[in-house]
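Trainee: Structure in structure tokens, see below.
All of the numbers you see were taken from the coordinates with simple rules; none came from a lab. Everything numeric here is computed off the predicted structure, so don't read it as measured data. As a convention, Cβ positions derive from the backbone with ideal geometry for all residues, glycine included, and neighbour counts pool all protein chains shown.
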Amino acid sequence: MDNRPIGFFDSGLGGLTSIPHLMASLPNERVIYFGDTARTPYGSKAVSTIKQYSAQIADFLVSKNVKMLVIACNTISATCLDDLRKRFPHIPIVGIINPAAHKAANTCTIDNNVGVIATKVTIASGVYKDRIEELNPDLHVHQMATPAFVPLIEEGIIENEIMDLTIHHYMDDFIKDNNIDTLVLGCTHYPIIRKNIEKIYPNLRIINPSYEIISRIQTILEKEDILANELNDRENIFYASDLSENFTNMITKVMEVEESSLVLKFKNLDL
Ligand code: DGL
């Protein structure tokens, strides 16, 4: 038993899309979340920069005595997982790509075609394609970078025609030309536009890594014997490197709670 918090992090608010699933499955657990809202997006940055930023975030969360680190960001998981495991060999570190790749590899598709949409860096790494095709050699993975989604989502441009047009622009030919019936939302921001995608392509089967990661977290907490118990009276704490109005608006929307019920804190890692 261990009532210390789990450290969750992302380049911005995308990783928040995992937290309601965590709370539903493991209600005794508490989190310290860090969103690097001042430096988002990471998905078009140099890998060396992403490594430097994610090491800073992990150092900060470890200084808060977390019992586990969860990389709730595909871009960081695709590029920094091994480095972070070397940096903190004694803390369990969960990446988001492997659980989602397993789900994709075990999902039936009509034509054996799986689509992955993600940031430029995640797509360039090829990790989703490599892992899914390794787990299920019958599948063909088609991937595409969709870099305009994250800035629009961080700005709250979601339930309107600008987002829908952007989805059409990126995805119409991609889905049609490759006969895709199963799509991995390979960026933790994308569940926020899941309803838009489902409205435009109602027959797509959608795989959500922000959800798939939860069973992996549970397995490791059980294996390490560090599950929290019902006496856990800590709070969830949400840090952001830029505590802007955008962040507070989006966090209440994603978490579906009032701002007054959240502990929000500013932390600039450059200072
Ligand atoms: N949410 C992040 C991911 O899952 C990336 C967003 C960004 O580009 O910063 O890849």
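Trainee: List residues of the range 190-223, by number, whose backbone nitrogen lies under 19 Å from a label position 7 Å along Cα→C-beta of GLU159.
Mentor: Label zone hits: 190-201.
Trainee: Sticking with this one: Grab the beta carbon distance between VAL47 and GLU258, set R0 = 45 Å, and tell me the FRET efficiency rounded to 0.05. Display every interim value, and only then the final one.
Mentor: On the way: r = 39 Å, r/R0 = 0.86.
Efficiency for this residue pair is about 0.70.
Trainee: Find how many whole Å separate the alpha carbon centroid of the range 61-136 from the alpha carbon centroid of the range 204-245.
Mentor: 15
Trainee: Still on this structure, please answer the following. Measure nothing but the geometry: give the 0 to 90° angle between the long axis through the Cα atoms of 74-87 and the longest principal axis through the Cα atoms of the chain, rounded to 10°.
Mentor: Here the helix axis deviates by roughly 40 degrees.
Trainee: For the range 1-121, give the magnitude of the charge dipole about the Cα centre (Cβ charges: +1 Lys/Arg, -1 Asp/Glu; no others), in debye to the nearest 20. Walk me through the numbers before you get to the answer.
Mentor: Values: 12 positive and 8 negative charges, 51 e Å.
In debye, rounded to 20, the range 1-121 gives about 240.
Trainee: Any idea what log10 I(q)/I(0) is at q = 0.19, 0.21, 0.23 Å⁻¹ for the range 1-122, Debye with uniform C-alpha scatterers and no solvent?
Mentor: -1.07, -1.24, -1.41
Trainee: Could I ask something else about it? Rounded to two decimal places and with Rh computed the Kirkwood way over Cα pairs, what is Rg over Rh for the chain? Walk me through the numbers on the way to the answer.
Mentor: Numbers: Rg = 17.8 Å, Rh = 18.7 Å.
Taking Rg over the Kirkwood Rh, I get 0.95.
Trainee: Evaluate the charge dipole of the chain about its Cα centre and quote only its size in Debye, nearest 20, assuming +1 on the Cβ of each Lys and Arg and -1 on the Cβ of each Asp and Glu.
Mentor: Numbers: 25 positive and 35 negative charges, 136 e Å.
Charge dipole of the chain: 660 debye, to the nearest 20.
Trainee: Given the rule -39500 (n - 2.57) for each run of at least 4 DSSP H residues, summed and divided by the residues of the chain, what is its mean residue ellipticity at 222 nm, to the nearest 500 deg cm²/dmol?
Mentor: Numbers: 11 runs with 118 residues, N = 271.
Calculated at 222 nm, the ellipticity per residue is -13000 deg cm²/dmol.
Trainee: Further, regarding this structure: Taking amide H positions as placed 1.01 Å from N in the peptide plane, with prolines and chain starts having none, which residues 5 or more places from VAL31, or on another chain, fall under 5 Å of its amide H?
Mentor: Amide H neighbours of VAL31, under 5 Å, 5+ apart: ILE6, ASN236, ILE237.
Trainee: Whole-Hz Karplus ³J(HN,Hα) for the range 163-176, in order, using 6.51 cos²θ - 1.76 cosθ + 1.60 and θ = phi - 60°, x for Gly and Pro?
Mentor: Along the range 163-176, the couplings run 5, 4, 5, 5, 4, 4, 4, 6, 9, 4, 5, 4, 5, 6 Hz.
Trainee: Here is a follow-up. Given a cut-off of 19 Å, what percent of all Cα-Cα pairs of the range 181-244 lie beyond it? Before the final figure, lay out the partial values.
Mentor: On the way: 1164 of 2016 pairs.
Of all Cα-Cα pairs in the range 181-244, 58 percent lie more than 19 Å apart.
Trainee: Which residues make up the longest stretch of the chain that has no GluC sites (Glu not before Pro) in a DSSP loop with at most 13 other Cβ atoms within 10 Å?
Mentor: Details: sites that count: GLU155, GLU159, GLU224, GLU230, GLU235, GLU256, GLU258.
Result for the longest clean stretch: 1-154.
Trainee: If you don't mind, another one. For Cα pairs less than 8 Å apart in space and 6+ apart in sequence, what is the mean separation divided by the residue count of the range 143-271, i.e. the relative contact order in percent?
Mentor: Details: 93 pairs, mean separation 28.6, N = 129.
Computed value for the range 143-271: 22 percent relative contact order.
Trainee: If the reach is capped at under 13 angstrom between alpha carbons, list the aspartates and glutamates near LYS176, excluding any in the same chain fewer than eight residues apart.
Mentor: Here the aspartates and glutamates satisfying the reach criterion relative to LYS176 are ASP111.
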